[in-house]
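Below is one structure, written out as structure tokens; the observations come after it.
The values are calculated or read from the model by the stated rules, or taken from the named source; none is laboratory data. These numbers were taken from a predicted model, which means no experiment stands behind them. Cβ placement follows ideal geometry from the backbone for every residue including glycine, while neighbour counts extend to all protein chains displayed. The protein model used for the area step is the full one, side chains on, heavy atoms only, and it has no ligands, DNA or RNA in it. Shrake-Rupley method; radii C 1.70, N 1.55, O 1.52, S 1.80 Å.
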Amino acid sequence: MAVAHMGVEVSSFIALLGSAGVAVGLALQGTLSNVAGGVLLLILKPFQVGDYIVLTGTNCEGEVAAMDIFYTKLKTVDNRVIVIPNGTLSNSNLINNTKQDRRLIDIEVGISYDADIREVKKILNEIAREEKRIIDQDGVEIFVSSLADSSVMMGIRCWVPTSDYIATKWALNEEIKLRFDEEGIEIPYQKLDVCIKNEV
């Protein structure tokens with residue numbers, strides 16, 4: 001009423017206020033989304049500082065270094081920092097690799113069809129027994145995973161502390177290769193045979 005009394009057309013003034021409100025809303029949309037995402041992350045706590053997370057479908061993964069109301073910072077294994085808006089995090093599928101206190105190692109290795117499966121299972125069992133970081137030695141599973149075109153795929157599964165997951169997996173892979181070489185067990189690999197035909 002005061003604006004109308006001053007001679008300003010009320011409909012134009014309301015339209016101006018509406019346009020300004022829309023402009024401000026659009027400008028703050030990303031910021032408000034990040035704030036809302038930050039609040040959700042703080043309430044639901046899918047991860048915390050120190051956890052190692054992976055955003056599926058992206059190249060973003062690393063240890064959570066810091067969290068604030070707008071952004072979350074990840075530190076990668078090669079000491080880079082990834083800054084992710086909380087709005088993106090709260091709407092993405094993510095994997096928390098360190099949420100649980102133990103993880104399952106699942107390794108597959110191919111052997112020749114000429115190899116003795118019983119002997120291979122015995123060797124794999126010995127390798128698992130010698131690895132002290134495995135939590136439950138009686139819970140180690142060694143099995144024939146599949147019969148592939150040129151190899152028999154052997155599987156080994158075992159539980160280890162989450163902090164030892166990568167080191168234990170690397171150690172098992174190395175020991176499997178070394179022991180197979182010592183025992184003369186062939187690990188098949190793709191080969192191409194070329195036949196040259198001499199024409200007279």
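Points worth noting:
Residues are listed down the side, and each one gets a yes or a no for (1) touching a residue at least 24 places away in the same chain (Cβ under 8 Å); (2) assigned to a loop (DSSP other than H, G, I, E, B):
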residue: Lys99; (1), (2): yes, yes
residue: Leu104; (1), (2): yes, no
residue: Gly110; (1), (2): yes, no
residue: Ala115; (1), (2): yes, yes
residue: Lys121; (1), (2): yes, no
residue: Ile127; (1), (2): yes, no
residue: Asp138; (1), (2): no, no
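- Check on Glu61, buried (at least 17 other Cβ atoms within 10 Å of the Cβ), without any contact (Cβ under 8 Å) to a residue 24 or more places away in the chain and closer than 25 Å to Arg157 by Cβ: yes
- The set of residues in segment 138-159 being open to solvent by 80 Å² or more (accessible area, probe 1.4 Å) and either closer than 13 Å to Glu183 by Cβ or aliphatic (A, V, I, L, M) (or both) consists of Leu147 alone.
- Check on Ile135, out of contact with any Asp or Glu (no Cβ under 8 Å at 6 or more places or on another chain), within 18 Å of Arg103 (Cα to Cα) and surrounded by 12 or more Cβ atoms within 10 Å (Cβ to Cβ): yes
Let's see how each residue does on (1) closer than 23 Å to Glu186 by Cβ; (2) touching a strand residue (DSSP E or B) at 6+ places or on another chain (Cβ under 6 Å):
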{"residue": "Pro46", "(1), (2)": "no, no"}
{"residue": "Asp68", "(1), (2)": "no, no"}
{"residue": "Lys73", "(1), (2)": "no, yes"}
{"residue": "Lys99", "(1), (2)": "no, no"}
{"residue": "Glu126", "(1), (2)": "yes, no"}
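- Among the residues of segment 79-95, those identified as in a loop (DSSP other than H, G, I, E, B) and either more than 16 Å from the chain's Cα centre (by Cα) or in contact (Cβ under 8 Å) with a residue 60 or more places away in the chain (or both) are Asn79, Arg80, Asn91.
- Among the residues of segment 54-103, the ones that are out of contact with any Ser or Thr (no Cβ under 9 Å at 6 or more places or on another chain) and charged (D, E, K, R) come to 5 in all.
- Identity of the residue in segment 140-160, outside any strand (DSSP E or B) and among the aliphatic types (A, V, I, L, M), that ends up modelled with the lowest pLDDT: Ala148
- For segment 142-193, filtered to residues that are under 19 Å from Tyr113 (Cβ atoms) and of a type in the set (Gly, Ala, Ser), the residue that is nearest to the chain's Cα centre (by Cα) is Gly155.
- Residues of segment 86-112 classified as open to solvent by 30 Å² or more (accessible area, probe 1.4 Å) and within 22 Å of Leu178 (Cβ to Cβ), total: 2
- Only one of Lys121, Lys73, Lys99 that is among the basic types (Lys, Arg), under 14 Å from Phe47 (Cα atoms) and more than 14 Å from the chain's Cα centre (by Cα): Lys73
- Counted residues, segment 151-198 - those being in contact (Cβ under 8 Å) with a residue 24 or more places away in the chain and closer than 23 Å to Lys122 by Cβ: 24
- Qualifying residue in segment 161-170 (condition: out of contact with any Asp or Glu (no Cβ under 9 Å at 6 or more places or on another chain), in a loop (DSSP other than H, G, I, E, B) and within 30 Å of Tyr52 (Cα to Cα)): no
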